[in-house]
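To keep things clear, I will list the structure first and then write my remarks on it.
The values are calculated or read from the model by the stated rules, or taken from the named source; none is laboratory data. Worth saying up front: this structure is predicted, and the values here are computed from it rather than measured. These accessible areas exclude ligands, DNA and RNA; they are computed on the full protein's heavy atoms, side chains included. Shrake-Rupley method; radii C 1.70, N 1.55, O 1.52, S 1.80 Å.
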Amino acid sequence: MNTDLHTPSSSPAPLEEFLRDYAEVTGGMWDEVEPQVYDLMLPGREAAGEPEMVRLVFDPEAIPEHPGAQLATYGTPLIDRLLADAVNRGRHLELYLTGLNLAPQGVEDRLRRAVTLPTGFALKVERARPLHFPQAVFWFEATFVSDQKEQDLLTVAIDVHYGRQVRHLDRLLDRSHLAEKPWTPLAEASHPGLASAYPIARDRVVRTLSALANTYYRELHERLDRQLERIGRYYADLRAEVEEQAKKARHRDEDPARFTARLEALTREEHLRAAELRRKSQLKVHLRLLNLLVIHQPKLLLRTVVTASASGSVIGRLEWVWDPLVEAIEAAVCPECHRPTFAFEVTRQGRLVCPACAQAASPPARPSRR
Ligand SMILES: [Zn+2]
């Protein structure tokens, strides 16, 4: 492809992009010393503070070559501090979702209908507790630069508790339900921290971005083809004129050499203009985080117990979440593979796992090779 299109595979990882963005936005500087090795200059933490210099390495194997460098990865104090600071920089707003029914009728029935358990096992709700579940809404600005500049705003919401994308953005962002204070104070549901939602959001946005970039790329090339055709016609006309003059000159027995030179010059000029046009028609895509809104949404955390129907003995406990905004049970997490699931099976060891993990735990008997 004759293009500079930054596809997800060739673009830096989200954390690398974040650090570049962060340095630029905060008035610092970054320098890519070699692939995945950066020198970062960050402005002082206080107004009069000394700037901070740090070498960051994204590949753990490159650490020995750069003594004194820090490994840039989620969860390290430096990265966590920068992520937290980015969030605090005024592009961040917190609101509460209000007006939801936190004592709905028949939640236990809804849960039983939503969940699949093997026969002979039953699910019972032990406790339903309303909690605030943070929903992080990220606004990214995508800029497509080629012969023209266009921008798109991409929004993605992540439920921080589960680290899953929220599909019902319109309902989540319905202003009539958003307030600066909660209706009732609620404890916050456990979650791995806001910073954990950023790479997930970024990953989702990059997928959308690739689709958009392909559309821009196609339009750009249609435009380029039309312009190249116009240039081709223009120079063909000019050459025809010169050839006509050359013909007349030959009739008058004049030397046609200067017309030949003129024709060659026209061909060179045409090639230059076409190359220039192609160069201007490369597509570059820039993505940056514009805003972050955290919506604290009340949901019901349902603690359930799974028992063997015959003996009544407890097999295990599962947590479920009832989302009163969309009036639906959210998929639970398989304790083994951490994937969302509505179906559980009981392994021979008596563990509650998703069907895929149950299959992996006790694979079907294979004929012996001997
Ligand atoms: Zn599983």
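Three principal axis extents describe the C-alpha atoms of the chain; from largest down they are 115, 66, 61 Å. Computed with a 1.4 Å probe over protein heavy atoms only, the accessible surface of region 215-284 comes to 73 Å² per residue. In plain terms, if you count all Cα to Cα distances in region 215-284 and split them into 5 Å steps from zero, the share in each step is 3, 16, 21, 16, 13, 10, 8, 6, 4, 2, 1, 0 percent. As a length-normalised measure over Cα pairs under 8 Å and 6 or more apart, the relative contact order of the chain settles at 22 percent. Exposure check, 1.4 Å probe, all protein chains in place: Phe259 carries approximately 20 Å² of accessible surface.
Placing Val54, Val145 in order of accessible area, with the largest value first and a 1.4 Å probe, yields Val145, Val54.
Springs join every pair of Cα atoms under 10 Å in this Gaussian network model of the chain, and among Phe138, Phe18, Phe342 the largest mean-square fluctuation is at Phe342.
Whenever you get a sec, compute what percent of the accessible area on the chain sits on carbon and sulfur atoms (1.4 Å probe).
Using a 1.4 Å probe with all protein chains present, the chain comes out at 50 percent carbon and sulfur.
Extent along the principal axes, Cα only, for region 282-343: 69, 28, 15 Å, with the longest axis given first. Solvent exposure of Ser362, expressed as accessible area, is near 50 Å², computed with a probe of 1.4 Å over the protein chains only.
Between region 67-146 and region 207-274, the alpha-carbon centres lie 57 Å apart.
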